[in-house]
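> What follows is a structure written as structure tokens; I'll ask about it next.
The values are calculated or read from the model by the stated rules, or taken from the named source; none is laboratory data. Predicted model, so just to flag it, every value in this text is computed and none were measured. Neighbour counts are summed over all protein chains in view; Cβ atoms, including those assigned to glycine, are modelled from backbone coordinates with ideal geometry.
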Amino acid sequence: MIRLNCDYCKGALPEVLEALQTINDQAFCGYGCDEVCERAARLIRERAGAPSADVHFLVGGTQANFIVIESALRPWQSVICADSGHINVHETGAVEHAGHKCETAPAHDGKISADQVRAIAANWAGSIIPEHITQPKMVYLSMATETGSVYTLAELAAIRAVCDEFSLYLFIDGARLSYGLEAIGGDVSLEDIARLADVFYCGGT
């Protein structure tokens, strides 16, 4: 049986296991400070066309989502996402447990639009009681989405423009980024993601 529900259901590719065997007898310092992680970070920067980007290695998507959002937002700030977004319907409320409300917009084929983001951001910006409601400060997108759809370059650029208009961070959940970038008919590159997003990650096993 082929299971497509997640990447935790299988082991590693044989090529990965072979590569690990070749360095199994070597000793490395921990915490991502070894030469293997340094080389991986360098390759990621090169492929993303972002030579000054900070690269960090985390153990899973939930941890990445939680750490990015918790680190970027102040306690009174919230994150805009699709109602089907992973941080809203999965991950056992990790983001909201830290005190950051998920401000949801109805997803259309798993995606939200620049107009939806603008409406939520403008609601706070135009409020007469902004101190009583959470301040949207980040937009969270999944690429590919939870339904398998992908954003076009034009859609991402439009959302980036709204983020700039309202001083919002753009965070792209890349748990499925590798096949999101390779989707048939897609027109988004890794360089586009790095250019448009403030933070993104690449999922791997």
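> Quick one: in region 100-132, of everything that is in a loop (DSSP other than H, G, I, E, B) and of a type in the set (S, T, N, Q), which residue is farthest from residue 158 (Cα to Cα)?
Filtering first and then ranking leaves 127.
> Ok, one more. Every residue in region 138-162 that is more than 15 Å from the chain's Cα centre (by Cα) and assigned to a helix (DSSP H, G or I), please.
Those that are more than 15 Å from the chain's Cα centre (by Cα) and assigned to a helix (DSSP H, G or I): 153, 154, 155, 157, 158, 161, 162.
> Testing residue 48 on (1) closer than 29 Å to residue 109 by Cα; (2) in the same structural domain as residue 144 (by TED's automatic domain parsing), one condition comes back false. Which one is that?
In the conditions (1) closer than 29 Å to residue 109 by Cα; (2) in the same structural domain as residue 144 (by TED's automatic domain parsing), residue 48 misses (2) alone.
> Does residue 97 satisfy being within 21 Å of residue 156 (Cβ to Cβ) and either in contact with a Cys (Cβ under 6 Å, 6 or more places away or on another chain) or without any contact (Cβ under 8 Å) to a residue 12 or more places away in the chain (or both)?
So residue 97 fails the test.
> Something else: Looking at region 170-192, which of its residues are modelled with pLDDT of 95 or more and under 17 Å from residue 86 (Cβ atoms)?
Scanning region 170-192 gives 170, 171, 172, 173.
> Okay, moving on. Going through region 67-93 one residue at a time, which ones are in a helix (DSSP H, G or I), within 26 Å of residue 113 (Cβ to Cβ) and in contact (Cβ under 8 Å) with a residue 12 or more places away in the chain?
68, 69, 72, 86, 87, 88, 89, 91
For (1) modelled with pLDDT of 95 or more; (2) touching a helix residue (DSSP H, G or I) at 6+ places or on another chain (Cβ under 6 Å); (3) surrounded by 14 or more Cβ atoms within 10 Å (Cβ to Cβ), each residue gets a yes or a no:
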| site | (1), (2), (3) |
| --- | --- |
| 37 | no, no, yes |
| 43 | yes, no, no |
| 46 | yes, no, no |
| 50 | yes, yes, yes |
| 59 | no, no, no |
| 62 | no, yes, yes |
| 73 | yes, no, yes |
| 90 | no, no, yes |
| 93 | no, no, no |
